[in-house]
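See below for the structure under consideration.
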Amino acid sequence: MVKNQNSITVLNDIVDTLKLQFYPNHNLTIDEIKKFNDFVDGFVILKSKAMEIKNPDNQKRYIKTDIDGTKFNVMATSQSNFNVVLQNGDFSIGLLKIGKHYNPIIKVEFRAEFLLRNGYKIAIDLVKDCINNLIEKYLIKVSEIHLAKDIQGYEFSTFDFHRIKTLSKTKTIFHNDISSEFYFGNRFTGFSIGKGDELLRIYNKTTEINQKKEKAFIQVLSWNYKDNFNPNRNVWRIEFQLRRERLKELMQGSGLYEDMTNVINSISNLWAYCVSRFVHKDLTNQEVHEQITQVKILKNGTFKYLSPETLRQRFRNAEPSYVWDSIQSFNNKIEPKLQRAKDISKPEVEYVKNAFKAVLSTFIKLKRGAFDSNELSKILHEADKECREKHSLTLVDKARLNTLDYMVKANAFYNHSGIIEQYFYDFKKDFVNNIKDTFAILENESSTLTTFEEFNKKLYRV
């Protein structure tokens, strides 16, 4: 391929799909819980009436209602785990009565046309205004979001399926576990790469509209406003899907990105993350063919088998294509990509055993098979001395500081991810008590760290 970014026309930057989950605030009063549950019960009664309607099409089995003037259909069928579902042409609402569980009590799915017509920020505000009539205290998390661009100027083919790979956190290239290609008859219409939590779709939007006329709103509300839109050329959509399991791993600063406010304020950051995770490479058709067959035909007509490492290195060295160069920004913003937060693991005895085994193994290798406990002690004392010189801390104090650091990160992880771990609260309580007891003794022995408060402050200086 020849790099020519000017040949690509970007028609829009859109939030195409958005799903929100509303969790009850912990400080809801009994009266507030009863009020919400009574609302849900009222809709459940209407649902039972809708269930009496006989029609093979479930979308036609409903009873009309409204919430403060916003009209809805109470559907005869509901989503899994929810008591009732309300729908209109803009969005749907799933409702679950508040109980002892800590599950989302409201699930909202936005229609793509509603998001496009209003913009995602206004659309969210309109939904929140509606939800506020049901409950006022809640937390909102994003369960799924799709970010998309529609482009002209490049015709994707089945070869492009093999030009796109994802980047792991170690920057090595690999094939995705799940991928598929799409055809309409014998005509190639697109492909997907990845899994549900993090997925790329590239597909022919023009073909989709020809098959489903209700999708044509995108041309009326978006493409026609672009001066260089050519109605006689195909439009291809590049769409990234992120679900909560991935969003709650992404962070910048101290905030995780399943929280709705963080997500909405960082759409361009999410896009930057996605275009760095999936990369369309500048490989010729011949190079792609060799990538697939693992064979190169030489000028004399003989075959040369290409090793997997050769192919990996070729792909690794290839530059991003001009298509990818043209889609780096979102709403004309190029932002730093978000970082992934590692899951917090429980401290386990096995980790200590394995670490001790590693120390012994390394020491015995150093001693060429011999073992001398006095020399091992000497090495540990030298390590302690080096730690004092570098950090003004003993090895034990540094280990305590690392544990405090772990506790702060774990606390942030659990607070933002919504995971409830009783062991962590017990760990936190025992750790604080042990540190207080330790420093009560060490204060009389001129310890490097004289108070628990000083120890706590050290975390932010080391």
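Rounded to the nearest percent, how much of the accessible area of region 29-136 (1.4 Å probe, protein heavy atoms only) is carbon and sulfur?
Using a 1.4 Å probe with all protein chains present, region 29-136 comes out at 49 percent carbon and sulfur.
When only C-alpha pairs under 8 Å and at least 6 residues apart count, what is the relative contact order of region 223-382, in percent?
That works out to 25 percent.
Can you pick out the pairs among Lys64/Lys97; Lys378/Lys429; Lys97/Lys121; Lys149/Lys281 whose Cα atoms lie more than 23 Å from each other?
Over 23 Å Cα-Cα: Lys378/Lys429; Lys97/Lys121.
I'd like the accessible area for Tyr322: 1.4 Å probe, protein heavy atoms, all chains in place, Å² to the nearest 10.
For Tyr322, solvent-accessible area is about 30 Å².
Rounded if a/c is under 1.5, else prolate if a/b is larger than b/c, else oblate: which is region 29-136, with a ≥ b ≥ c the root eigenvalues of its Cα gyration tensor? Present the calculation step by step, with values, prior to reporting the outcome.
Values: a/c = 1.74, a/b = 1.01, b/c = 1.72.
Oblate shape, in that a/c is at least 1.5 and b/c is the bigger or equal ratio.
Using θ = phi - 60° and the Karplus form 6.51 cos²θ - 1.76 cosθ + 1.60, what ³J(HN,Hα) does each residue of region 231-240 get, whole Hz, x for Gly and Pro?
In residue order, the calculated couplings are x, 9, 10, 5, 10, 10, 9, 10, 10, 10 Hz.
Hey, can you grab everything whose amide H is under 5 Å from the amide H of Asn83? Only 5+ residues off in sequence or another chain; H modelled, so Pro and N-termini drop out.
HN-HN under 5 Å from Asn83: Leu95, Leu96, Lys97.
At 1.4 Å probe size, with no ligands or nucleic acids counted, give the accessible surface of Arg243 in Å², nearest ten.
Its accessible surface works out to 90 Å², give or take rounding.
Please list, in order along region 47-64, the HN-Hα scalar couplings obtained from phi with the Karplus expression 6.51 cos²θ - 1.76 cosθ + 1.60 (θ = phi - 60°), rounded to whole Hz, x for Gly and Pro.
Along region 47-64, the couplings run 4, 4, 6, 5, 5, 7, 6, 9, 6, x, 8, 4, 5, 9, 9, 7, 10, 6 Hz.
Please tell me which of these pairs span more than 25 angstrom C-alpha to C-alpha: Lys353/Lys428; Lys248/Lys357; Lys165/Lys195; Lys385/Lys409?
Over 25 Å apart, Cα to Cα: Lys248/Lys357; Lys385/Lys409.
Can you list residues whose amide H is under 5 Å from Tyr138's amide H, if they're 5+ apart or on another chain and H is modeled 1.01 Å from N?
Asn25
Hey, if we sort Val352, Val44 by accessible area with the 1.4 Å probe, largest down, what's the order? Display every interim value, and only then the final one.
Working: Val352 100, Val44 50 Å².
Greatest to least solvent exposure: Val352, Val44.
With the other protein chains left in place, how much accessible area per residue, in square angstrom, belongs to region 29-136 at a 1.4 angstrom probe?
Dividing the accessible area of region 29-136 by its residue count gives 55 Å².
The values are calculated or read from the model by the stated rules, or taken from the named source; none is laboratory data. The shown structure was predicted, so the numbers you read here are calculated from the model rather than taken from an experiment. Side chains are part of the model used for accessible areas, which takes the heavy atoms of the whole protein and leaves out ligands, DNA and RNA. Shrake-Rupley method; radii C 1.70, N 1.55, O 1.52, S 1.80 Å.
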